[in-house]
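Everything below concerns the one structure shown next.
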Amino acid sequence: MKVDLFQARLAYDLGSGEYNKMSPNFACFSPAYVATNEDVREVLRVLRPASGARVLTVAGSGDQALFYKLSGAGHVDTFDITFNAKMMMDIKTAAIGKLPHIEYLSLLNNIRFSRDISNIPQYKQIVDYVPSDTREYVHAMRGAHLVRGGMLDTVLFKNEYAKIGEIIKEPFNFIWTDLGELSAHVTQNYDQIYLSNILQYNAQPQYVVNVICDLMTRLNPGGKILVNVAPWFDGEELVAMKTLQQKVEQANVARVKFFQNNALHMCFLEKR
């Protein structure tokens, strides 16, 4: 899908630089997160992707894809509703191996507050390695604050950054779509699918069941779908996940499991 830069600029108040309050919270050009607000390291310790695993993950801030590659995943595809997620992911993958770790952190910190990413010194050092559609978008969106969130305590540690610099050689494939339409755009099977906490924003039981069951057709036997991860689950979310559990276990096609510790709650499905 080609980026409509005119529509993208309409999504922002270029006087203040902020995303328009009348625009949907999550949409084609809504702000992306600078860094994940999830403990992806802990999530992957639970999901235990096998070496060489094929993975489909939300792009988010780009961190999920990076941590999957660190864990040994062989192939990682990404998706998101907003192009800004691809932007953040592309910037990170371009920076890795090109900037020292301290400059990588400075780049992310500068993006947090910037209304002109193209003018950030560290970005200028890597701009030639950024995919052309993202490079054009960053240039066209000068004046807009394209990100949300600000904590950088979940990004790559120095040793992780050094290791992944030897792994990442090209940008991640990106599917630009809403979660509800994702299965229609997927053309291959995966060992793991990582949905983050997207379903918190539409926890209607039938919607959750439909989304997960559609995606399960693209899951290899024994594969896993991360249905939801959050600091806690509320009542509506639990009803949706329990409904999913009942449906798939009655049909004997998968098991739905729950995990929690003092930092997070997780729900994931494992295909039989």
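The values are calculated or read from the model by the stated rules, or taken from the named source; none is laboratory data. Only a predicted model underlies this, so the values are computations on that prediction, with no experimental measurement involved. Using ideal geometry, Cβ is built from the backbone for each residue, glycine included, and neighbour counts are taken over all protein chains shown. The protein model used for the area step is the full one, side chains on, heavy atoms only, and it has no ligands, DNA or RNA in it. Shrake-Rupley method; radii C 1.70, N 1.55, O 1.52, S 1.80 Å.
When only alpha carbons are used to place a centre, the stretch 143-179 and the stretch 235-272 end up 28 Å from one another. With each label modelled as a point 7 angstrom along the Cα→C-beta vector, the LYS98-ARG255 pair spans 4.5 nm. Over the Cα atoms of the stretch 187-247, the radius of gyration divided by the Kirkwood radius equals 0.97; this is the Rg/Rh ratio.
Applied to the stretch 35-44, the Karplus parametrisation 6.51 cos²θ - 1.76 cosθ + 1.60 on θ = phi - 60° returns per-residue 3J(HN,Hα) values of 9, 4, 9, 10, 8, 5, 4, 5, 4, 6 Hz, with x for Gly and Pro. Phi angles across the stretch 7-16 convert, under the Karplus curve 6.51 cos²θ - 1.76 cosθ + 1.60 with θ = phi - 60°, into 3J(HN,Hα) values of 5, 4, 5, 5, 6, 10, 7, 6, x, 8 Hz, Gly and Pro given as x. Computed from backbone phi with θ = phi - 60° and the Karplus coefficients 6.51, -1.76 and 1.60, the 3J(HN,Hα) list for the stretch 180-192 is x, 9, 4, 4, 6, 9, 8, 10, 9, 9, 10, 8, 9 Hz; x is used for glycine and proline. Model label points for ARG9 and GLU136, set 7 angstrom from Cα along the Cα-to-Cβ axis, are 1.5 nm apart. Relative to the longest principal axis of the Cα atoms of the chain, helix 235-250 runs at roughly 50 degrees.
Note on ARG48 and THR187: the model spin-label points, each 7 Å out from Cα along the C-beta direction, lie 3.4 nm apart.
Accessible area ranking (1.4 Å probe, heavy atoms, ligands and nucleic acids excluded), largest first, for CYS267, CYS213: CYS213, CYS267. Taking the Cβ-Cβ separation of GLU236 and ASN119 as r and a Förster radius of 41 Å, what is the calculated FRET efficiency to the nearest 0.05? Computed FRET efficiency for GLU236 and ASN119: 0.40.
Residues considered: MET151, MET22, MET88. Largest GNM mean-square fluctuation over the chain, using C-alpha springs under 10 Å, is found at MET22.
In the context of the full set of protein chains, residues of the stretch 128-272 present 50 Å² of accessible surface per residue (probe radius 1.4 Å, heavy atoms only). Per-atom-type breakdown for the chain gives carbon and sulfur 51% of the accessible area (1.4 Å probe, protein chains only).
The length gained by stretching the chain between SER106 and ALA263 to full extension, at 0.36 nm per residue less their Cα-Cα distance, is 53.8 nm. Starting from the Kirkwood radius over alpha-carbon pairs of the stretch 83-214, derive D by Stokes-Einstein at 37 °C in a medium of 0.692 mPa s and give it in µm² s⁻¹. D = 196 µm²/s.
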